[in-house]
Amino acid sequence: MENQDEVSTGEKCRNIRTGSSPDDIAQAFLDNLYYAQGRIPVLATRNDLYMALAYTVRDRLAARWVAQMQQFRRAELKKSIKVVCYLSAEFLPGPHLGNNLLNLGIYDETRQAMEQLGYNLEELIDQETEPGLGNGGLGRLASCFMDSLSTIVVPAFGYGIRYEFGIFDQEIRDGWQVEITDKWLKLGNPWEMPLPELCQEVKLGGHTEHYQDGQGRSRVRWIPAGVVEGIPYDTPILGYGGNICNTLRLWKAEAVESFDFQDFNVGNYYAAVEEKVKSETITKVLYPNDEPEIGKMLRLIQEYFFVSCSLQDMIRIGKMLGNSPECFDQRYVAQLNDTHPSIAVAELMRLLVDEHDVAWEKAWEITQNTFGYTNHTLLPEALEKWPVELFGQILPRHLEIVYEINRRFLDQVRLAFPGDEEQAARLSLIDESGCRYVRMAHLACVGCHAVNGVAKLHSELLKSEVLRDFHEMFPEKFHNVTNGVTPRRWMALSNPRLAALISGVIGDGWITQLDELRKLEPFADDPAFQEKWRRVKRENKNDLATLILNRTGVAVDPDSLFDIQVKRLHEYKRQHLNVLHIITLYARLKRYPASDCVPRTFVFGGKAAPGYAMAKLIIKLINSVAGVVNTDPDIRGRLNVAFLPDFNVKTGQQVYPAADLSEQISLAGEEASGTGNMKFSMNGALTIGTLDGANVEIREEVGAENFFLFGLKVDEVEELKARGYDPRKYYDSNPALREAIDLIRSGHFSGGNAQLFAPLVDLLMQRDNYMLFADYQPYIDCQDRVSAAFRDQQNWTRMSILNVARMGKFSSDRAVREYCDMIWKVQPV
Ligand code: F58
């Protein structure tokens, strides 16, 4: 028999499962339709066709995936690699089919194959339901990083949760958001492979017992109240050009089998089933980012569940390759994507000390070496903390471990700051100011060797505000890694027209070396190139106009300025500031019907957390304003407003390429980074934005003259707050602002119902936490500059080209390389 370790993927296997000619693909597709899907073409539904094509593509991935595992194994056996594990409660990979075709380099061949058979490839790609296993930026960042890790050839695992129901689908009824359960698995998921034999057991609840072992050492045993099983589901993540194929491993919770049998034997069938249902609840649904998490026991269980499965899996793989747990940190580095997986610090300690008999000090060294922590928010209310009592109920052993980590840590603090008990209380892992809480960000800061923010400004604010005391204690731990996004999905795949135009003049090296976009600069003033650039944008706008018409019934003019804000709904992101601008333009046009205004189409998209009433009211406001503006004959052809429902990765791919103007208007100091800002700019939109998050760096890169800046800066926000911010003052002294607010308040947009928007208007008038009123006039003035600039299409196009040419920095490849150098200390292979 052949050496099973060295299965050839070369010529010998070049057959129906791997060939990449249109004929091979067409034949493989028909085979899969018949054998995997059990259909013949005349009886096949669109989903059958999609599934058959997905299997065809998956086969072509398999060879690379298997080769990757073999390579890992060989390198691991030689102890020559360190594997990156990205621990994240959320991943938003987006639809896989198109991306895999792109990365395999068989997009055109597959299109031809489908044409031969009379099918339209784009329609089949559109059939895919995307895995919405995240809320927004944080989950999408994790997926961009997975794409980059594979593309720049860093062996990696993404570890997370296989939610049965992802982020809800959003419908708009009567202007209001309605949440619909996301049944993304309903029609089958051809990309994942369950690996039930690699399941892991996770303990929950119960109590601990302290005892002496045979050698007289004190040990702890955790006697849990229950055990659940985690089943891994693997999805291949292929790099561009097919370099390597990493794995996204997501855990599904199931009941441990023996439970059923026990209860079944004593005749307690229903109890057994109930146990099963309870266990499976753990990975049932993704939590939307509703504010307080405190008290959500299931959320803590989710976090612990996937972290424990993942760390045990890492130890299992190590053991299989002959590594002892003592060299865990030489084989692995693990990044905590926010605090959601930060219980990993205590769990790795438990696994090493209790289960693998490693001494505490050694285990602590391994733990700190292993983990890095990325913070994604400055909002104090978003920093996770768990009531000590609840924590102890679910994780009694971990609470003891947290206490022990804290005891040792506070000894260190008291040495560094003798006599400063307040400093110790501020740094403690336990918040004792009222009801006692475990502070997860503190656990992460203490248990990791590196802490980073996601944009320069954010990292500075972390050091000076949210984590100031930790920075004082461990300045060397703090880093910045500015976010990035993958140009594969966000340019090459989603904007093929622009990609082809760019590659036509500078080659396609930019797809993996985004800095090469700089070579476009000489074309910025070339009238013929500009003309082509405008044509691409115009065609993309046509496509979006069609989508808007189909989804909302609103007909928009592709020649108008497409002014777009797509992101989660949140007061700090200030979608309602955008609305105030729309109302201001509307009021101007009503008063001066003959005035010459640049026609604009305002597009919004984004979900509000189901429990966030104010965000939902802002959606209603947008739709109410749209209702009036879109139907007023005086406004026809001048302003249109559309709220595109159910914004997600797939819709994003259709939106970013069609934007002229990108709205990045959060109050300075609130948005950690933003990544939509990068996607827009890469696709030739100009930005109107504040000096917040990564906007600062985008402006630095593209040049101040190619960026529409407005608004308070962070220090001005702080100063104004310190002086006592009074929104009323702005209202009283600014007639245009007053008119806009009064129009809302009077019920003008709500059929005369003056009560509807009262909660929103009252909040603005009384508190205006995100300082819309202070930024209102600078925003309007800046928007007027935008309109003036748009009239000069030649110069606008020049600015658009320069924006794209200077986006090299914002590739997630650059971000991942920085993690590799600064934080993970791994070399791309
Ligand atoms: C986002 N955070 C930041 N959190 O808001 C954004 O500025 C940044 O660009 C992005 O991370 C990537 O770094 C974010 O998306 C969440 O969605 C959490 C999910 C879990 C519940 C709390 C919100």
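The values are calculated or read from the model by the stated rules, or taken from the named source; none is laboratory data. Please read all numbers here as calculations on a predicted model, not as lab measurements. Neighbour counts run over all protein chains shown; Cβ positions are idealised from the backbone, glycine included.
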Subset of the stretch 725-745 (residues that are surrounded by 14 or more Cβ atoms within 10 Å (Cβ to Cβ) and of a type in the set (Ser, Thr, Tyr)): 725, 730, 731
Some residue of the stretch 47-61 being more than 16 Å from the ligand (Cβ to nearest atom) and outside any helix (DSSP H, G or I): no
Test for residue 556: is it modelled with pLDDT of 95 or more, buried (at least 21 other Cβ atoms within 10 Å of the Cβ) and part of a loop (DSSP other than H, G, I, E, B): yes
Test: residue in the stretch 637-647 that is surrounded by fewer than 24 Cβ atoms within 10 Å (Cβ to Cβ), under 19 Å from the mean Cα position of the chain (by Cα) and within 16 Å of the ligand (Cβ to nearest atom): yes
Residue 441, sole failed condition from (1) within 16 Å of the ligand (Cβ to nearest atom); (2) at pLDDT below 95; (3) hydrophobic (A, V, I, L, M, F, W, C): (2)
Residues (more than 27 Å from the chain's Cα centre (by Cα) and either within 23 Å of residue 116 (Cβ to Cβ) or not hydrophobic (A, V, I, L, M, F, W, C) (or both)) located in the stretch 54-95: 56, 59, 60, 70, 71, 73, 74, 76, 78, 79, 80
Odd one out for residue 159 among (1) buried (at least 24 other Cβ atoms within 10 Å of the Cβ); (2) not in a strand (DSSP E or B): (2)
Criterion violated by residue 291 - all others in (1) away from the ligand (no atom under 16 Å from the Cβ); (2) at pLDDT below 80 satisfied: (1)
Positions within the stretch 622-669 being of a type in the set (Gly, Ala, Ser) and not in a helix (DSSP H, G or I), in sequence order: 637, 642, 659, 662, 666, 668, 669
Hey, residue 663 surrounded by fewer than 24 Cβ atoms within 10 Å (Cβ to Cβ), assigned by TED's automatic domain parsing to the domain that holds residue 780, under 30 Å from residue 531 (Cβ atoms) and at pLDDT 95 or above or not: no
Leading residue by the ranking (nearest to the ligand (Cβ to nearest atom)) among those in the stretch 463-481 that are closer than 29 Å to residue 330 by Cβ and out of contact with any Cys (no Cβ under 8 Å at 6 or more places or on another chain): 481
Checking residue 506 against (1) in contact (Cβ under 8 Å) with a residue 40 or more places away in the chain; (2) more than 16 Å from the ligand (Cβ to nearest atom), the condition it does not meet: (1)
Some residue of the stretch 265-277 being surrounded by fewer than 16 Cβ atoms within 10 Å (Cβ to Cβ) and either modelled with pLDDT of 95 or more or among the polar types (S, T, N, Q) (or both): yes
Pairs where the first residue, in the stretch 180-195, is of a type in the set (Lys, Arg) and the second is assigned to a loop (DSSP other than H, G, I, E, B), C-beta under 8 Å, 6+ apart: 186/129
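Assess whether residue 722 counts as being out of contact with any Cys (no Cβ under 6 Å at 6 or more places or on another chain), buried (at least 24 other Cβ atoms within 10 Å of the Cβ) and aliphatic (A, V, I, L, M).
The answer is no for residue 722.
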Identity of the residue in the stretch 471-522, under 21 Å from residue 659 (Cβ atoms) and among the charged types (D, E, K, R), that ends up nearest to the chain's Cα centre (by Cα): 489
